[in-house]
Amino acid sequence: MRTPSPLRAAFRQALGEAWAGGAGVLLPIGFFAGAAMLVPFTVGSEASQLSSIGTGILWVALALASLVSMERVFQADLEDGALELWAQEETPLFLVAAAKILAHWIISGLPLVLLTPPIGIALQVDPGALIPAMLAYGLGGLAFFLWGGVAGALAASVARGGLLIALLALPLFVPTAIFGALATVEGPGGPSLLFLAAATLFALAVAPFAASAALRLAVD
Amino acid sequence: MIRAFANPHRFMALSRWLAPACLGVGALLIVWSAWQGLWIVPQDDYQGGDIMRAMFIHVPSAWLAMASYMGLAVTSLVWFVWRHELADMAAKSIAPLGAAYTAMCLATGSIWGKPTWGTWWLWDDARMMSVLVMFFLFLGYMALRAAMETRQKAARAGAILAMVGAVNVPLIKFSVDIWSSIHQDASVLRLDGPAMPPVYLTPLLIGGLGHMVFFAGLTMMLVRAEVWRRRADVLIARKLAGA
């Protein structure tokens, strides 16, 4: 029997787990919406105040929600031995790491981006600005998942590594958060969107290699 | 050069006298700089009067904070490529010292900022943000090492994280520089010579040198402690195997 390629296996597994026990899709959505819901209670409900900070709240909620289920992405593969098999395949491990992170982003990250307009409207942000802002949230979210993936791979062999992942990943979120917040304020024509895209491309170039080095460490 | 220091026996023989010497010389220089700064140099009204004397701690700790992250990245790279155990021990030792100097930089900066700018903390200041992010990078590095089961895994995971952090530092720096800054421009070293009068500059540079030497001495002490710890582990393992 021919074993499926690790890349396809990674995608199929992530998509298959989307509705499984851990509720891969629903958990980050619930966290994202819940975190945003708390904000009006804590900073006040004046429409002018909320509309000025609404896009920033979405960035914070997106950054935190991207880490919610990161702990399980590589840990599950380490526990059931899949990682060990992938490390011996001909397919380079960095491609497998990239595929795992991208698949996880499609399941847990993209729904959050689709959710930014309704939550943004609830936070009194101008609805016309929210649709173009989805591009920025998508780019930024991908960078969050890539750096989070590196942290998740580093903490794969650590029991209860969830908070460790947050501590490792959050400093790496800073450039994306800055450019992203500026880009959503400037709108699609501004230079910050280009900087945001550059930061995401940088993450795309570095993170898979760092994650694969960390995964090799986890299987040893 | 790396080869010569990579030999633990040679390192132990050298650091046996070099580490205390560095600590002594560094402490002398720091005390001299603090004495000059606190009692001798005239107060500068433009920089907020007597509070500018905080500079003689604040500026060296900022230098050391940056230098120690560089040191962490370089020792991690050396360990990752050549697997010299001393490089890993140095990285492990630098991390808490760097975190301490980074915390000291933030604390003295806040104390200096309150009377001169009227606030303890400025979120739109690029340098404060960079140092704060660096503080979290140090904390993450130490937490990751502590979470790993074995020494070898701690070394590998720490090296990967330190290198990922190091390639991100320019991007972090650039992104926070985008923010406007009300901080004064860096005024110690410029192409057309120092902008600071020598009466301030000399104690500052001597103090910076003192902190560097003291830092080197502390690092060597911690590496020595790590070498002894590993030797003790070997002895315990041997004893258990023999029993």
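As an exercise, identify the trypsin sites (Lys or Arg not before Pro) in region A:1-94 lying in DSSP coil whose Cβ has no more than 13 other Cβ atoms within 10 Å. Counting only loop positions with at most 13 other Cβ atoms within 10 Å, the trypsin sites (Lys or Arg not before Pro) in region A:1-94 are A:2. For chain A, the longest piece that avoids every one of the GluC sites (Glu not before Pro) found in DSSP loops with at most 13 other C-beta atoms within 10 Å covers A:91-220.
Farthest towards the positive end of the charge dipole of chain B, among the residues B:104, B:122, B:23, is the Cα of B:23, using unit charges on the Cβ of Lys, Arg, Asp and Glu. Measuring gaps between exposed loop sites in chain B (trypsin sites (Lys or Arg not before Pro); DSSP loop; at most 14 other Cβ atoms within 10 Å), the longest gap, sites not included, is B:84-189.
Against the empirical 2.2 N^0.38 Å scaling, what ratio does the C-alpha Rg of the protein assembly as shown come to? Working shown, then result.
Values: Rg = 24.9 Å, N = 463, 2.2 N^0.38 = 22.7 Å.
Scaled against compact globular proteins, the figure is 1.10.
Helix B:198-242 and the longest principal axis of the C-alpha atoms of chain B enclose an angle of approximately 20°. A 1.4 Å probe run over the protein assembly as shown, with the rest of the protein chains in place, finds 47 Å² accessible per residue. Spin-label model, residue B:236/residue A:216: points 7 Å from Cα along the beta carbon direction are separated by 3.1 nm.
Taking Cα atoms, how many degrees apart are the long axis of helix B:85-117 and the longest axis of chain B, rounded to 10 and kept between 0 and 90? On a 0 to 90 degree scale, this one is about 20.
Add -39500 (n - 2.57) for each DSSP H run of 4 or more in chain A, then divide by its residues: what number comes out at 222 nm, to the nearest 500 deg cm²/dmol? Can you show the working numbers first?
Numbers: 11 runs with 172 residues, N = 220.
The helix-only estimate for chain A comes to -26000 deg cm²/dmol at 222 nm.
With 30 Å² as the minimum drop in accessible area between chain alone and full protein complex (1.4 Å probe), the qualifying residues in region A:163-181 are A:164, A:167, A:168, A:171, A:172, A:174, A:175, A:178, A:179. Farthest toward the positive end of the dipole of the protein assembly as shown, out of A:87, A:44, B:176, is the Cα of A:87, where the dipole comes from beta carbon charges about the Cα centre. Can you figure out the FRET efficiency of residue A:43 with residue A:194, using R₀ = 51 Å and their beta-carbon distance, to the nearest 0.05? Efficiency, from the Cβ-Cβ distance: 0.95.
The modelled label-to-label distance for the pair residue B:51/residue B:21, using points 7 Å beyond Cα in the direction of Cβ, is 4.2 nm. Shown for chain A are the DSSP H helices of 30 Å or more along their axis, judged by Cα atoms, with a mean Kyte-Doolittle hydropathy of at least 0.5: A:127-154, A:191-219.
Around residue A:99, with a cut-off of 15 angstrom between Cβ atoms, what is the net charge of the other residues, counting Lys and Arg +1 and Asp and Glu -1?
On the way: positive: A:8, A:12, A:100; negative: A:17, A:77, A:89, A:90.
With Lys, Arg at +1 and Asp, Glu at -1, the net is -1.
Give the cross-link partners of residue B:114 among the lysines, using a straight C-alpha distance below 21 Å as the criterion and excluding same-chain residues fewer than 8 apart. Here the lysines satisfying the reach criterion relative to residue B:114 do not exist. Between the helical axis of B:151-178 and the longest alpha-carbon principal axis of chain B there is an angle of about 20 degrees. In chain A, Cα pairs under 8 Å separated by at least six residues give a relative contact order of 26 percent.
Result for chain A in a Gaussian network model with C-alpha springs under 10 Å: among A:61, A:133, A:47, the largest mean-square fluctuation is at A:47. Taking chymotrypsin sites (Phe, Trp or Tyr not before Pro) in DSSP loop conformation with at most 13 other Cβ atoms inside 10 Å as exposed sites, chain B has its longest uninterrupted site-free stretch at B:124-243.
With +1 on each Lys and Arg Cβ and -1 on each Asp and Glu Cβ, and nothing else charged, work out how big the dipole of region A:19-219 is about its Cα centre, in Debye to the nearest 20. Show your work: numbers first, answer last.
On the way: 4 positive and 10 negative charges, 38 e Å.
Around 180 debye, computed over region A:19-219.
Once both labels are positioned 7 Å from their Cα atoms along Cα-to-Cβ, the gap between residue B:229 and residue B:117 label points is 3.7 nm.
The values are calculated or read from the model by the stated rules, or taken from the named source; none is laboratory data. In this text the structure is predicted, and so the values were computed from the model without any measurement. As a convention, Cβ positions derive from the backbone with ideal geometry for all residues, glycine included, and neighbour counts pool all protein chains shown. Remember, those area values only see protein heavy atoms, side chains included, never the ligands or the DNA or RNA. Shrake-Rupley method; radii C 1.70, N 1.55, O 1.52, S 1.80 Å.
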